[in-house]
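Right, one structure below, let's go through it.
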Amino acid sequence: MQEDLIEEAARLLAAARYAVALTGAGVSTESGVPDFRGPSGIWTRDPEAERRAYRTYQLFLTDPKRYWEERLSRPSLLGDLSKAQPNPGHYALAKLERLGVLKCVLTQNVDGLHLKAGSVNVIEYHGNAFKLRCPTCGARYWVEEYDIEGLRARGELPPRCRRCGSALKADVVHFNEPIPEDVRLRSLQEVFRCDVALVCGTSAVVYPFAELPRIAWRRGATVIEVNLEPTPLTMEGVSTIFIQGRTGEMLPKIAERVEELLKRRGV
């Protein structure tokens, strides 16, 4: 039965005019990156950390210096992301892009692993942990472009935008922080345009990202879902195909079959 679903998914993707992928934490957990709301997720194990997270954006707005001092005083909840490596699921999506099938990857993940795996057209909906962002003008900088610890030692926090002089924050989107407008608009353009949406490793309950596959579906796109467990997309009938399993196992099988179909067609 599962092989039939993989075959159907591959045929839909191979025939797609404009396919996009939407990915969540389930893709990165297979690379050792912890999730937040799973059985052993960060918030599940440490509710106080979640309560602090809900206050973070307001702290930046009211006292950006203290925001940075608190940020630098605690280790990252996600661990050392610089050591994380892509897994077969990431590489399968990059392969589908190289084949000309996937036009874009929209991800909730902030770990940069899609880019590391070779995907080129990636929209990081919740930001990138390795970047800083100016909420005023939208400029983004790699963290290493600033000597954050030096600024801290000299009492010169927060780092300032080189374009407009405003206080910079981490590029990651905090609770109660609006999705950056450029990201929001690009994401809507992609889901409006797609005829196939490949939804991978997301619980489909965190909004506004969770609305994106539903928008694609309402506009007539076929939704293919690859997840360990059923989600609201499965229950609501949004997903035409539901393939149950690890994305690191299922996506390579789909990508391999898509490649075979394209070769058969001489593409």
Mind counting the residues in the stretch 205-244 that are touching an Asp or Glu at 6+ places or on another chain (Cβ under 8 Å) and at pLDDT below 95? 0
Restricting the stretch 125-146 to residues that are among the hydroxyl-bearing types (Ser, Thr, Tyr) and surrounded by fewer than 21 Cβ atoms within 10 Å (Cβ to Cβ), the residue that is farthest from the chain's Cα centre (by Cα): 146
Do you know which of the residues in the stretch 63-120 that are within 30 Å of residue 157 (Cβ to Cβ) and among the basic types (Lys, Arg) is nearest to the chain's Cα centre (by Cα)? 116
Considering only the stretch 252-267, state which residues are farther than 23 Å from residue 220 by Cβ and buried (at least 16 other Cβ atoms within 10 Å of the Cβ). 252, 253, 255, 257, 259, 262
Residue list for the stretch 110-153, filter: in a loop (DSSP other than H, G, I, E, B) and aliphatic (A, V, I, L, M): 110, 120, 129, 139
Can you say whether residue 105 is among the β-branched types (Val, Ile, Thr), touching a residue at least 24 places away in the same chain (Cβ under 8 Å) and in a strand (DSSP E or B), as far as the supplied structure shows? yes
Test residue 36 against the criterion of being touching a helix residue (DSSP H, G or I) at 6+ places or on another chain (Cβ under 7 Å), modelled with pLDDT under 95 and not β-branched (Val, Ile, Thr), and give yes or no. yes
Out of all the residues in the stretch 157-172, is one or more more than 30 Å from residue 195 (Cβ to Cβ), of a type in the set (A, V, I, L, M), surrounded by fewer than 16 Cβ atoms within 10 Å (Cβ to Cβ) and not assigned by TED's automatic domain parsing to the domain that holds residue 10? no
Of all residues in the stretch 190-214, which are over 26 Å from residue 87 (Cβ atoms) and out of contact with any strand residue (DSSP E or B) (no Cβ under 9 Å at 6 or more places or on another chain)? 192, 207, 208, 211
Residue count, the stretch 72-92, condition part of a helix (DSSP H, G or I), surrounded by 14 or more Cβ atoms within 10 Å (Cβ to Cβ) and touching a helix residue (DSSP H, G or I) at 6+ places or on another chain (Cβ under 8 Å), comes to 5
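So that you can scan it fast, the table gives a plain yes or no per residue for (1) farther than 15 Å from residue 106 by Cβ; (2) surrounded by fewer than 21 Cβ atoms within 10 Å (Cβ to Cβ); (3) over 18 Å from the mean Cα position of the chain (by Cα):
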{"residue": "211", "(1), (2), (3)": "no, yes, no"}
{"residue": "221", "(1), (2), (3)": "no, no, yes"}
{"residue": "236", "(1), (2), (3)": "yes, yes, yes"}
{"residue": "250", "(1), (2), (3)": "yes, no, yes"}
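The values are calculated or read from the model by the stated rules, or taken from the named source; none is laboratory data. Bear in mind that the values here come from a model prediction, so they are computed numbers and not experimental data. Virtual Cβ from ideal backbone geometry, glycine too; neighbours counted across all protein chains shown.
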